[in-house]
Amino acid sequence: MRVRGRRECRDCGHQWSYYETGAVDCPACGSLRSVGVDDRTQHTDTPTSLDLSPHRRAVDAGDLADAADDLKRDLRRYRTKRGFIRGGDLLPLDATYLAATELLHVVDVLVRAGDRTDDEELYLLSLLRGADVGDRPDVDTVPRSMRAARGLALAEAVDEYRREVLAWLDDNPDPGARQVLGTVSERVKRTRALGGDVPLEESEALLVATQDVSRALRDDDETALATATDRLSRLR
């Protein structure tokens, strides 16, 4: 969407950045009477943070099934508020968003399954411990039973990011990047058609290729775009 990022309070005259606060009420006097004073700019990101410490305590004190609803609610709320365009600037596809998406999928799978193996338990706890600071378990620590959940999570995150990059490209045309993102879309469709059950290396390569495209656009790095193209071409 397009918003006016610089706002001015009609009551006290204070100005502030909507991009930084995500609020239209005046931070100086609390008035809801404000007006935008600049041009409308693409903006999808709402300032927010993810704190999983209450959920870590809940899981430590009881069973995952008892804590799952609140945990999933907060993960969904975080993801809903997050976007990747801030005041016209393209943001990276960051590790916290990725870890939160992965944790949401993993919790769904393990709650439905009921019983968990030791490896699944360790994987879950590793995600829960580190997702809010952007820590994701290494590929070689992901249990075979969790491969599909991770594959679907990465495909979902990549697709959300791809859509926003395409919107950003409407104002910042780059035919090469748009073409590569078309290939990304096809790989996402394939992953979803297979229920996420693709080799973990393939899921990670799709993610990294998408991040290459992002870097190419944000840093005007043609080499990164060529790297993304090559990376995708080597996927089966």
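The residues of segment 176-219 that are touching a Gly at 6+ places or on another chain (Cβ under 8 Å) and of a type in the set (Val, Ile, Thr), listed by number, are Thr191, Val198. Checking Pro92, Pro27 one by one, the residue that is within 28 Å of Asp159 (Cβ to Cβ) and in a loop (DSSP other than H, G, I, E, B) is Pro92 and no other.
Restricting the search to segment 38-50, which residues are open to solvent by 70 Å² or more (accessible area, probe 1.4 Å), over 25 Å from Arg77 (Cβ atoms) and part of a loop (DSSP other than H, G, I, E, B)?
Asp39
Could you list all residues from segment 17-33 that are touching a strand residue (DSSP E or B) at 6+ places or on another chain (Cβ under 6 Å) and modelled with pLDDT under 90? If you could, list the steps in order and put the result at the bottom.
Taking segment 17-33 first, the residues touching a strand residue (DSSP E or B) at 6+ places or on another chain (Cβ under 6 Å) are 18-19, 24, 26-27, 31.
Tyr18, Tyr19, Val24, listed by residue number.
Identify all residues within segment 147-164 that are more than 17 Å from Thr80 (Cα to Cα) and either not charged (D, E, K, R) or not in a helix (DSSP H, G or I) (or both); write none if there are none.
Narrowing segment 147-164 to residues more than 17 Å from Thr80 (Cα to Cα): 147-152.
Hits for segment 147-164 are Ala148, Ala149, Gly151, Leu152.
On the stretch given as segment 202-236, residues that are modelled with pLDDT under 95 and either of a type in the set (Ser, Thr, Tyr) or in contact with a Leu (Cβ under 9 Å, 6 or more places away or on another chain) (or both) total 1. Being touching a residue at least 40 places away in the same chain (Cβ under 8 Å) and more than 24 Å from Arg57 (Cα to Cα) is a property that Leu154 has. Contact map, segment 32-53: first residue of a type in the set (D, E, K, R), second residue open to solvent by 50 Å² or more (accessible area, probe 1.4 Å) and at pLDDT below 90, Cβ cut-off under 8 Å, separation 6 or more or different chains; pairs are Asp38/Arg4; Asp38/Arg6; Asp39/Arg4; Arg40/Arg2; Arg40/Arg4. The set of residues in segment 56-82 being open to solvent by less than 10 Å² (accessible area, probe 1.4 Å) and either modelled with pLDDT of 95 or more or on the phi > 0 side of the Ramachandran plot (or both) consists of Leu71, Leu75. Among the numbered conditions (1) assigned to a loop (DSSP other than H, G, I, E, B); (2) open to solvent by 10 Å² or more (accessible area, probe 1.4 Å); (3) within 29 Å of Leu75 (Cβ to Cβ); (4) not aromatic (Phe, Trp, Tyr), the only one that Arg236 does not meet is (3). Please go through segment 83-107 and pick out each residue that is open to solvent by less than 40 Å² (accessible area, probe 1.4 Å) and over 14 Å from the mean Cα position of the chain (by Cα). Matches in segment 83-107: Gly87, Gly88, Val106, Val107. Restricted to segment 112-146, and to residues there that are more than 19 Å from Tyr78 (Cα to Cα) and assigned to a loop (DSSP other than H, G, I, E, B), the residue that is modelled with the lowest pLDDT is Gly114. The residues listed here are Arg215, Arg192; of these, the one that is open to solvent by 10 Å² or more (accessible area, probe 1.4 Å) and over 27 Å from Val109 (Cα atoms) is Arg215.
Anything in segment 54-66 that is of a type in the set (D, E, K, R) and either in contact (Cβ under 8 Å) with a residue 24 or more places away in the chain or part of a loop (DSSP other than H, G, I, E, B) (or both)? List them, or say none.
Narrowing segment 54-66 to residues of a type in the set (D, E, K, R): 56-57, 60, 63, 66.
Answer for segment 54-66, where residues must be of a type in the set (D, E, K, R) and either in contact (Cβ under 8 Å) with a residue 24 or more places away in the chain or part of a loop (DSSP other than H, G, I, E, B) (or both): Arg56, Asp63.
The values are calculated or read from the model by the stated rules, or taken from the named source; none is laboratory data. Remember, it's a predicted structure, so these values are computed and weren't measured experimentally. In this analysis, Cβ positions are derived from the backbone assuming ideal geometry, glycine residues included, and neighbour counts consider all displayed protein chains. All accessible areas refer to the heavy atoms of the entire protein, side chains included, with ligands and DNA or RNA removed. Shrake-Rupley method; radii C 1.70, N 1.55, O 1.52, S 1.80 Å.
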